[in-house]
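Trainee: Once you've had a glance at the structure underneath, I'll fire off some questions.
The values are calculated or read from the model by the stated rules, or taken from the named source; none is laboratory data. These numbers were taken from a predicted model, which means no experiment stands behind them. Cβ sites come from the backbone with ideal geometry, for glycine too, and all protein chains shown count toward neighbours. Each accessible area value is taken on the protein alone, full model and side chains, heavy atoms only, with ligands, DNA and RNA left out. Shrake-Rupley method; radii C 1.70, N 1.55, O 1.52, S 1.80 Å.
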Amino acid sequence: MTHSDTTFRDNPTLQYREERNQKSVRLFLSGEVDMRVAPELRTLLHRVIEEDPTDVAINLADVPFIDSS
């Protein structure tokens, strides 16, 4: 299993950790998800999906706020 921790460029308070195990990807987000980070988050999700993993899980346990605008 591989791990990587990253901060979003457009919102340094939002971070994510990727865990990979063969064809599975787990993303752990922490911080606030707002419209500033939406394009970068979309790019991340598209990149993960294009890799055609068997499973994708997104853990939002450490996300206290998601902007719905």
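Trainee: Need pairs with beta-carbon distance below 6 Å; first residue more than 16 Å from residue 15 (Cβ to Cβ) and in a strand (DSSP E or B) and within the stretch 25-53, second open to solvent by 90 Å² or more (accessible area, probe 1.4 Å) and at pLDDT 90 or above; sequence gap 6+ or separate chains.
Mentor: none
Trainee: Give 36, 42, 17, 26 a once-over and let me know the one that is among the basic types (Lys, Arg), within 15 Å of residue 65 (Cα to Cα) and open to solvent by 70 Å² or more (accessible area, probe 1.4 Å).
Mentor: The match here is 36.
Trainee: Here is a further query. Could you list all residues from the stretch 54-69 that are loosely packed, with under 11 Cβ neighbours inside 10 Å, in a strand (DSSP E or B) and not aliphatic (A, V, I, L, M)?
Mentor: Selection gives 55, 64, 65.
Trainee: Out of all the residues in the stretch 1-21, which are more than 13 Å from the chain's Cα centre (by Cα) and either modelled with pLDDT of 85 or more or among the small types (Gly, Ala, Ser) (or both)?
Mentor: 21
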